[in-house]
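Student: Dropping a structure here in structure tokens format, bear with me for questions.
Any read-out appearing in this document is the output of simple, stated calculations on the displayed coordinates, not a laboratory observation. Values in this document were obtained by computation on a predicted structure and should not be read as measured data. So basically every Cβ, Gly included, is an ideal-geometry build from the backbone, and we count neighbours across all protein chains shown.
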Amino acid sequence: MKLIVGLGNPGAQYAYNRHNIGFLVADEIHARHGFTPWRSRFQGLVSSGTIAGDKVTLVKPNTYMNESGRSAGEAARFFKIPLSDTIVFYDELDLAPGKVRVKVGGGAGGHNGIRSLDAHIGNEFQRVRIGIGHPGHKGQVSRHVLSDFAKVDAEWLDPLINSLAIELPILLKDGASSYMNKVALALKPNTKEPKKAKQPGAKPVQNSKPTTPSSTDNNPGPMAAALKALLSITKKD
């Protein structure tokens, strides 16, 4: 069994904060992979499902960020899930917005949620660090992470959350490198093939079939769509 934890703060006032990107990803995983309805357990919201043949327990701690480890620790101990099968999604100040890095172990880097997890379950769990960018000054960090994403962020945030959830089977089966590469592709702009020079006397070629998308991977999921709608009507800095 795998334990997947999304970090954030409970409550509507925090729902679209940068600090809550772990919750946003957890909600997208929940919707994309047909998990059971959320229920209150282990001082958090818990759901279960199957991804790539692995049973998964999905947790959103309700203990607030600084005590995330209490909730995750209860779930891990109850299901006897080792650190090697534990994956945590969270925001990372030291990565540019939209960048994703996956690693096992390491320091908390000033992130109180990770510091709490280290204290309650140990250090060697898999960390999916999602870049939200640094405000540039240490004194502005708290305001930055506890502010909502800016309207312009929807351009990279929607496809990123979507891809992190859809491509999760790759992380479970093929490893971190393949997962990061696949997720990164979701943020690359679509490019069209350059038009070929028209040959003298050549007749125009008409398409006999309407053009249709070749993939649904970039369609926004339920959580990403809701976020996009909110950002489109809310003025952000």
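Student: Normalise the Cα radius of gyration of the range 1-118 by 2.2 N^0.38 Å (N = residues in it) and let me know the number.
Tutor: So the Cα radius of gyration is 0.99 times the expected 2.2 N^0.38 Å.
Student: Students often check this: by mean Cβ neighbours within 10 Å, which of 127-133, 51-57 ranks highest, and how do the rest follow?
Tutor: Sorting 127-133, 51-57 by mean packing, highest first, produces 127-133, 51-57.
Student: Neighbouring Cβ atoms within 10 Å as the yardstick, rank MET180, MET65, MET1 fewest first.
Tutor: The order, fewest Cβ neighbours first, is MET1, MET180, MET65.
Student: Can you list residues from other chains, or at least 5 along the same chain, whose modelled amide H is less than 5 Å from the amide H of VAL104?
Tutor: Amide H neighbours of VAL104, under 5 Å, 5+ apart: ARG127.
Student: Under 5 Å between amide H atoms, partner at least 5 residues away or on a different chain: which partners does ILE51 have, H built in plane at 1.01 Å?
Tutor: Sorted by chain and number, the residues that satisfy this are VAL56.
Student: How large is ³J(HN,Hα), in whole Hz, for each residue of the range 169-182 in order, when computed from phi with the Karplus curve 6.51 cos²θ - 1.76 cosθ + 1.60 and θ = phi - 60°, using x for Gly and Pro?
Tutor: With the stated coefficients, the range 169-182 comes to x, 5, 4, 5, 9, 10, x, 5, 4, 5, 5, 4, 5, 5 Hz.
Student: Counting other C-beta atoms within 10 Å, which of ASP91, ASP118 has the fewest, and how do the rest follow?
Tutor: ASP118, ASP91
Student: So for each of 107-114, 11-18, 36-43 I average, over its residues, the number of other beta carbons within 10 Å; can you give me the resulting order with the highest mean first?
Tutor: Packing order, densest peptide first, comes out as 107-114, 11-18, 36-43.
Student: In what sequence, highest mean first, do 168-177, 24-33 appear when ranked by Cβ atoms within 10 angstrom?
Tutor: Descending mean neighbour count gives 24-33, 168-177.
Student: Does a label point 7 Å from the Cα of ASN123, set along Cα-to-beta-carbon, have any residues of the range 59-94 with amide nitrogen under 18 Å, and which are they?
Tutor: Counting only backbone N, you get 69, 83-88.
Student: Using Cβ contacts closer than 10 Å as the measure, can you line up TYR64, TYR90 from fewest to most?
Tutor: TYR64, TYR90
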